[in-house]
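The values are calculated or read from the model by the stated rules, or taken from the named source; none is laboratory data. Remember, predicted model here, so these are calculated numbers, not experimental data. Glycine also receives a Cβ, built like all others from the backbone with ideal geometry; neighbour counts cover every protein chain displayed. With ligands, DNA and RNA removed, areas are computed over all heavy atoms of the protein, side chains included. Shrake-Rupley method; radii C 1.70, N 1.55, O 1.52, S 1.80 Å.
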Amino acid sequence: MNSGVDESRIPVIIGIGEVLDRPANDLEGMDAFELMLAALEEAEADSGADILDALDWLGVEDEISFPDPAPQERVAALMGRRPTHLLKTHEASGDGPIKLINDAANLIGRGEISLAAAVGAEALRTAAKRAQADIAAGREPPKSSIAEVALANAKPLARKHGLFTPIDVYPLYENAARAAWGQSLAEGQAESGRIGEGFASVAAANPYAWIRKPVDAETIATATPDNRMVSFPYTKLMVANSSVNMGAAVIVASLAKARELGVDERRIVYVGAGAAAHEDEDFLRRDSYARAASLETTVHAALERNGVAAADIDHVELYSCFPIVPKLARRALGWPLDRPCSVYGGLTFGGGPIGNCMMHAAARMVAKLRESGRHGLIVANGGYATHSHSMLFSRVPVPAGTFPQDYDVQALAEARRGEVPELLESYAGPGEIETYTIPFDRHGRPRHATIIGRTPEGARFVARVPETDTATIASLMAEDAQPIGAKGIVSEGPEGLAIWTTSG
């Protein structure tokens, strides 16, 4: 380290903690706050120092399993000693854990704090069992399901057409990108299967993964009664597994504080510069469904800000709620398909605790770098490909003066983004398919299809293919067809829904 560098302003990670709660009776599992405390205690033990009674700052990733307006206060109360500064993320979002770590690093870089912890947890498995017990006892359960939260936040046009959960939305990107990349359906599914096989392999070796068994690419990509189609073209083994009880924490300190505490130098991981950008909160107001300018921008900016090239990256965590996100990220990074896209196992096999997934990824990235390699990159995603935050972790010191740093690269994302088409609240007339999504029921049957289309003038509309139009739905899923760009007619249907009919 250069003698002129102020070690009190260099952020490093000194402790990691993860907890899986799998009681014989899920009803008796820990709640989210108990999981957070347990993760913090594990992180303290990992650091080898007394940490929790000396924290300057505690950042909590918001959670939905046990709804509370101030989860940071609940956790602080369990800790016994209240940290000087408490905050939570704005909502439960997949980019939140990386933002918390970046915020802690900035505060250390400003000299405002020297010891911080970021933590989060979800206990949706236990919450679901307790909700069932509430209903059986005639009590009103808390609104803690993904669907309930998503519906409450849905925009009117999207809600009208049944587009309000991740399962409804991410296929819009998958189907559009597959066409843009010139892939057949089989090729797109094969890529998803290979990425998933890599996740399963990583999870099998991770003691903190929720599902620890290898699964091959063909099994992941093939729809069967045990691996039903959830929303075309995604099978159950391709999507996030949120029915988990998991907590994770990361302790960030100044390098000076780490040395004062006697932390083993071989276990210290440096926090590198991050980059964050976002798309419009309304996923119907995107410039494209074949790319995400914010994700591309944060990946490139994170590399550039740390003075590293993609070839210098030894390990990655490419957010994986649905296959399209790591597909987009690996193309932005130039990450080969034959290398794992995760260090913890991804959101299916590693576990998908809503907004806290990347806290687990951060913990595993630290553990991985302690074992081998110099640089690890985490690409976090929140919302519906809405928020992106990429960040480097490193075994070697980052360039002096990196922190504090403004991680907002929104202006760069705006420059990269294309024109957003006009969104029509209602439409009747000719059009062509821009993309589409087909949700399935639990019996493996399509419920309907939703078309995102363009008018001859280029405006965007939304239309429904009813469940009864089996021929059109089948054509959208045909192996030898490319529905993107197909022409059709939109007419007014029941309850004001626009109905799509393919021409010819």
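Skipping prolines and chain starts, which residues have an amide H placed within reach, meaning under 5 Å, of the one on Ser231, given they are 5 or more residues away or on another chain?
Result for Ser231 returns Phe440.
If you scale each eigenvalue of the Cα gyration tensor by 5 and take the root, what three semi-axes come out for the chain, rounded to whole angstrom and sorted largest first?
Result for the chain: semi-axes of 39, 25, 21 Å.
Once the Cα atoms of helix 32-47 and of the chain are each reduced to a long axis, what angle between those two axes, in degrees from 0 to 90 to the nearest 10, is obtained?
Taking the Cα atoms of the chain, the angle to 32-47 is about 40 degrees.
What do you reckon, how do Leu78, Leu163 stack up by accessible area (1.4 Å probe), largest on top?
Leu78, Leu163
Taking only the alpha-carbon atoms of the range 115-239, what semi-axes of the equivalent ellipsoid follow from 5 times the gyration tensor eigenvalues under a square root, in whole Å, largest first?
After diagonalising the Cα gyration tensor, the semi-axes are 30, 23, 16 Å.
What accessible area per residue, rounded to a whole number of Å², is obtained for the range 33-150 using a probe radius of 1.4 Å?
40
Looking at the range 431-501 from every direction and averaging, what is the projected area of its Cα convex hull in nm²? Intermediate results must be reported in sequence, preceding the final value.
Working: hull surface 19.6 nm².
With every direction weighted equally, the projected area is 4.9 nm².
What is the antiparallel percent of DSSP beta bridges lying wholly in the range 245-392, to the nearest 5?
Of those bridges, close to 75 percent are antiparallel.
Given Cα pairs under 8 Å that are at least 6 residues apart, what percent is the relative contact order of the range 78-147?
It rounds to 19 percent for the range 78-147.
If you build the convex hull over the alpha carbons only and average its shadow over all orientations, what do you get for the range 170-272? Give it in nm² to one decimal.
About 9.7 nm², averaged over all directions.
Placing +1 at every Lys and Arg Cβ and -1 at every Asp and Glu Cβ, with all other atoms neutral, what dipole size does the chain have around its Cα centre, in debye to the nearest 20?
Value, rounded to 20: 560 debye.
For the range 183-236, evaluate the Debye formula with one uniform point scatterer on each Cα (no solvent term) and list log10 I(q)/I(0) at q = 0.13, 0.17 Å⁻¹, rounded to two decimals.
Those come out to -0.32, -0.53, one per q.
How would you order 295-304, 458-467 from highest to lowest mean count of nearby Cβ atoms within 10 Å? Walk me through the numbers before you get to the answer.
Details: 295-304: 23.7, 458-467: 19.0.
With the highest mean Cβ count within 10 Å placed first, the list reads 295-304, 458-467.
Would you mind counting up the charge near Asp441? Only other residues with Cβ under 15 Å from its Cβ, with Lys and Arg at +1 and Asp and Glu at -1.
Charge balance near Asp441 sits at +3.
How big is the Kirkwood radius of the range 377-457, worked out from every pair of different alpha carbons and given in Å to one decimal?
Roughly 17.7 Å, rounded to one decimal.
What ratio of Cα Rg to 2.2 N^0.38 Å holds for the range 51-198?
1.38
As a test, work out the antiparallel percent of DSSP beta bridges whose residues both lie in the chain, rounded to the nearest 5. Intermediate values should be presented prior to the final figure.
Values: 61 of 76 bridges.
Taking every DSSP beta bridge with both residues in the chain, the antiparallel ones total about 80 percent.
Sorted from largest down, give the three principal axis spans of the alpha carbons of the range 257-397, whole angstrom values.
Each principal axis gives a Cα extent; for the range 257-397 these are 52, 32, 31 Å.
Give the Cα extents of the range 13-97 along the principal axes, in whole Å, largest first.
Projected onto the principal axes, the Cα atoms of the range 13-97 cover 34, 29, 25 Å.
For the chain, what is the relative contact order in percent, using Cα pairs closer than 8 Å and at least 6 residues apart in sequence?
Contact order relative to length: 20 percent.
Tell me the Kirkwood hydrodynamic radius of the range 267-319 in angstroms, computed as one over the mean inverse distance between distinct C-alpha pairs.
13.1
Which shape class applies to the range 68-107: rounded if a/c is under 1.5, otherwise prolate when a/b exceeds b/c and oblate if not, where a ≥ b ≥ c are the square roots of the Cα gyration tensor eigenvalues?
It comes out oblate by the Cα gyration axes.
When the accessible area of the range 116-262 is computed with all protein chains present and a 1.4 Å probe, what percentage of it is carbon and sulfur?
Of all accessible area on the range 116-262, carbon and sulfur atoms account for 55 percent.
Quick one: check the C-alpha center-to-center distance for the range 265-309 versus the range 167-197, whole angstrom.
21
What is the packing order of peptides 469-476, 34-41, 246-253, taking the mean over residues of other C-beta atoms within 10 Å and listing the highest first?
The peptides rank, most packed first, as 246-253, 34-41, 469-476.
When ranked by the protection proxy of mean other Cβ atoms within 10 Å per residue, highest first, what sequence do the peptides 212-225, 116-129 form?
116-129, 212-225
With unit charges on the beta carbon (Lys/Arg positive, Asp/Glu negative), name the residue among Gly96, Leu377, Ala205 whose Cα is farthest towards the positive pole of the charge dipole of the chain.
Ala205
Output the pairs from Lys88/Lys160; Lys160/Lys327; Lys155/Lys487; Lys99/Lys327; Lys160/Lys236 with a Cα-Cα distance over 24 Å in this structure; if there are none, say none. It would help to have the intermediate numbers written out before the result.
Numbers: Lys88/Lys160 32 Å; Lys160/Lys327 29 Å; Lys155/Lys487 27 Å; Lys99/Lys327 22 Å; Lys160/Lys236 26 Å.
Where the Cα-Cα span goes over 24 Å, the pairs concerned are Lys88/Lys160; Lys160/Lys327; Lys155/Lys487; Lys160/Lys236.
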